[in-house]
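Quick notes on the structure that follows.
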Amino acid sequence: RWSTPRPAPFSGRWRDLDPAMAPDGSYLLFVSNRPAAQGGQPIDAAHAGKRRAGEGMNLWRVDRHGNGWGAPMRLPDAVNRCSTTFAPSIAADGSVYFIGCTAGDKLGLQRSTYRAGHYLAPVEVQLGDAATTIRDPAIAPDGSFLVVSSRREAQQPYRLAISFRTPHGWSAPLDLGDSVNGGKHSMGAQLGPDHRTLYFYSDRRLPPSDPRAAAAWNNGDDHIWQVSLAPWLDASTGRSR
């Protein structure tokens with residue numbers, strides 16, 4: 001069973017979201033609008049010629065100390081290049097995959113390498129073709145695969161897809177199918193500690209044939225779901241199930 005959620009000791013005042021735990025559990029990255037400098041104002045979001053007061057998003061890190069947490073630290077400007085930086089995911093080598101501003105003030109998938117205690121300037125990660133919009137990456141700790149939410153048209157729903165690292169770069173995202181994707185969006189992918197269970201949020205509903213379909217929570221609101229990636233991971237290594 002799951003315990004009752006409670007606010008993290010470093011959270012509760014600012015708009016904090018998109019938590020991502022390091023594979024070894026030693027630190028957490030998250031997104032926040034908290035001021036970049038102590039005593040300042042929450043950051044505004046500025047993108048595509050529009051400004052939204054107090055809705056900015058930068059990446060922050062908080063380290064684990066025994067049974068507690070340290071003080072959150074904002075990642076450097078090299079990573080937080082704009083006020084719309086979000087959806088971090090951490091590989092075992094410390095590399096961070098996230099969504100941030102690219103050339104032409106567009107939002108896209110990026111990777112910042114962690115080396116000698118420093119986050120390096122991000123590089124853009126190419127997945128699929130230029131018409132595909134990528135959001136909410138979940139990188140495998142060993143960097144062998146990546147789960148994202150993707151769509152090709154603005155009116156289409158975001159659907160979960162998986163991409164595998166090859167000697168020639170990343171494979172084209174493979175849609176996880178209608179049995180996984182449902183509703184208007186499937187987003188917020190996170191890998192569980194077994195690295196094969198995917199957690200995500202969606203507004204999907206259970207079908208009428210499901211014995212739980214009459215539950216009050218099956219109402220079209222966002223809920224957290226889980227699915228095993230074993231069929232796709234096993235297929236990628238040539239094993240059958």
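Take the chain with all the other protein chains still there, run a 1.4 Å probe, and you get 56 Å² of accessible area per residue. Relative contact order, whole percent, for the range 15-106 stands at 27, derived from Cα pairs under 8 Å and 6 or more residues apart.
Principal axis extents of the Cα atoms in the range 175-241, from largest to smallest and rounded to whole angstrom, are 40, 24, 20. Of His65, His168, His47, the order by accessible heavy-atom surface (1.4 Å probe, DNA, RNA and ligands excluded), from most exposed downward, is His168, His65, His47.
The mean sequence distance of close C-alpha pairs (under 8 Å, at least 6 residues apart), as a share of the length of the chain, puts its relative contact order at 11 percent.
Against the criterion of solvent-accessible heavy-atom surface with a 1.4 angstrom probe, Ser144, Ser3, Ser202 sort, most first, into Ser3, Ser144, Ser202. Within the accessible surface of the chain, defined with a 1.4 Å probe on protein heavy atoms only, the carbon and sulfur portion equals 52 percent.
For the chain, a crude dipole built from +1 on the beta carbon of Lys and Arg and -1 on the beta carbon of Asp and Glu, taken about the Cα centre, is about 300 debye to the nearest 20. Relative to its residue count, the range 1-111 spans a Cα convex hull of 128 Å³ per residue.
Each residue was assigned an accessible area with a 1.4 Å probe, and for Lys50 the value is about 140 Å².
Largest first, the extents of the alpha carbon coordinates of the chain on the three principal axes equal 54, 47, 43 Å.
Among Arg204, Arg165, the sequence by solvent-accessible area, most first, with a 1.4 Å probe is Arg165, Arg204.
The values are calculated or read from the model by the stated rules, or taken from the named source; none is laboratory data. From a predicted model like this one, the values you see are computed outputs, not experimental measurements. Cβ: placed from backbone, ideal geometry, glycine included. Neighbour counts: every protein chain shown. Note: areas computed on protein heavy atoms with side chains; ligands, DNA, RNA excluded. Shrake-Rupley method; radii C 1.70, N 1.55, O 1.52, S 1.80 Å.
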